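*Asks:* Please find one structure pasted underneath; my questions will follow.
The values are calculated or read from the model by the stated rules, or taken from the named source; none is laboratory data. All values reported here derive from a predicted model rather than from experimental measurement. Because the Cβ atoms are built from the backbone with ideal geometry, glycine has one as well, and the counts that use them run over all protein chains shown.
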Amino acid sequence: MYKVFETERLRVRPINLQDASFILTLVNSEGWLKYIGDRNIKDIGDSEQYIQKILNNSKYFYNVFELKNSGIQIGIVTFLYRDDYQYPDIGFALLPEYEKNGYSFEASRTYLDNIFKNNLADKVLGITVPKNYSSIKLLQKLGLTFKETIVKDKEQLSIFEITNENKYASR
């Protein structure tokens, strides 16, 4: 879902090619490389190609969130319809210098609420590696509950889920 949302502190908007410099920094941050993986994006050209590939995929929705007062891009919230899963998943990433301020929760909660409000999914997944404790904590704060651990491409993944019916159960 591509739409612009505003929260108290953030503006959440669709990704665009002008975000190339920000994306280059984000995908090469320590947390991204450790928990999401190296996307082999080494310069602005690679970053623009990465963004264009996302924009060309009708099943992928990447949204940048930025500080309302300055317009500084600080993170992304994603909504992906992956071929390997029955339900779409929500994801997030944040520049390390903005961690522990509630920004990812604020952006993700608003986005997730709009997914359910607009009936875009009956269930939404959250997928992470078991050692990504910060992501697990945020998924749980958003109301997602642990469903199972799977092995995909020789990597263990923890699957969390939330339905429209239980979206406020643990907030």
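*Asks:* Please enumerate the residues belonging to the stretch 1-32 that are within 22 Å of Thr110 (Cα to Cα) and part of a loop (DSSP other than H, G, I, E, B).
*Replies:* Met1, Tyr2, Lys3, Val4, Thr7, Glu8, Arg9, Ile15, Asn16 - these are the residues of the stretch 1-32 that are within 22 Å of Thr110 (Cα to Cα) and part of a loop (DSSP other than H, G, I, E, B).
*Asks:* Checking the conditions here, which among Lys137, Lys147 is assigned to a strand (DSSP E or B), basic (Lys, Arg), surrounded by fewer than 19 Cβ atoms within 10 Å (Cβ to Cβ) and modelled with pLDDT of 95 or more?
*Replies:* After applying the criteria, what remains is Lys147.
*Asks:* Would a scan of the stretch 111-121 turn up a residue that is of a type outside the set (Ser, Thr, Tyr), closer than 27 Å to Leu33 by Cβ and either in a helix (DSSP H, G or I) or at pLDDT 95 or above (or both)?
*Replies:* Checking the stretch 111-121: at least one residue is of a type outside the set (Ser, Thr, Tyr), closer than 27 Å to Leu33 by Cβ and either in a helix (DSSP H, G or I) or at pLDDT 95 or above (or both).
*Asks:* Does the stretch 55-76 include one or more residues that are modelled with pLDDT of 95 or more, outside any strand (DSSP E or B) and surrounded by 15 or more Cβ atoms within 10 Å (Cβ to Cβ)?
*Replies:* yes
*Asks:* Being surrounded by 17 or more Cβ atoms within 10 Å (Cβ to Cβ), part of a loop (DSSP other than H, G, I, E, B) and modelled with pLDDT of 95 or more narrows it down to one residue among Ile41, Ile51, Ile90; which is it?
*Replies:* Ile41
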